[in-house]
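What follows is a single structure, and I will ask about it in a moment.
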Amino acid sequence: MQRRARRQAEISAMFGRLDGETEAEYRERVAPFLAMVLDKPRQRALEMRREAEQKAGVTAAQSAKLDQAFAAAYDEVLDYTNAAIAEGQLSPYERNVSGWLGYAGGLGGILGGVEAGVAGVLRPEQVRAMSDAGFEWGEFLGVSVPWEKLRPPPPPSEK
């Protein structure tokens, strides 16, 4: 129990607003950290996508259409996440397992929409070839979302 409480305090310190911290100061503190943490996974995900697209015979035009679909999905994920943070469903200040699970369910719906969009760009055998190559759309999108653009959480409430 102490380890869990200690970990929650660490998360609050990393991703919560510090006392008196403005939104701009928060972004200045947190965005570079997120970019650094996500840099290597993003590079790996891009390389995996390139390899999978090559194996599947994805054309440059198809790849560009996928990029457009992903850009729309990133905006949707950021809007959805910002709303969850503003409503307290996701909070760096307290554990909320039901909130996280509800949030994850919504992400599943967004991913389903992305996969439907992918199916509108790629032929079924291309989708299958990418999957057979080990490429997973959810993993790619998860690290590719520009999380650095999230709005800061509200300051912690006084209890």
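The values are calculated or read from the model by the stated rules, or taken from the named source; none is laboratory data. The structure presented is a predicted model; accordingly, all values stated were derived computationally and were not measured. Cβ sites come from the backbone with ideal geometry, for glycine too, and all protein chains shown count toward neighbours. Side chains are part of the model used for accessible areas, which takes the heavy atoms of the whole protein and leaves out ligands, DNA and RNA. Shrake-Rupley method; radii C 1.70, N 1.55, O 1.52, S 1.80 Å.
From ALA83, ALA71, which residue is within 17 Å of VAL145 (Cα to Cα), surrounded by fewer than 15 Cβ atoms within 10 Å (Cβ to Cβ) and modelled with pLDDT under 95?
ALA71
Evaluate the following for GLU53: is it at negative phi, of a type in the set (D, E, K, R), crowded, with 17+ Cβ neighbours inside 10 Å and touching a residue at least 12 places away in the same chain (Cβ under 8 Å)?
So GLU53 passes the test.
Can you tell me which condition GLY88 does not meet? The list is (1) closer than 28 Å to ARG17 by Cα; (2) open to solvent by less than 50 Å² (accessible area, probe 1.4 Å); (3) at pLDDT 95 or above, and all the others hold.
Failed condition: (3).
Which of the residues belonging to the range 124-159 are surrounded by fewer than 18 Cβ atoms within 10 Å (Cβ to Cβ), hydrophobic (A, V, I, L, M, F, W, C) and at pLDDT below 95?
none
Something else: Given GLY20, GLY99, which one is without any contact (Cβ under 8 Å) to a residue 24 or more places away in the chain and either within 30 Å of GLU125 (Cβ to Cβ) or surrounded by fewer than 16 Cβ atoms within 10 Å (Cβ to Cβ) (or both)?
The conditions single out GLY20.
Count, please, the residues in the range 102-159 that happen to be outside any helix (DSSP H, G or I) and of a type in the set (Asp, Glu).
Here the count works out to 2.
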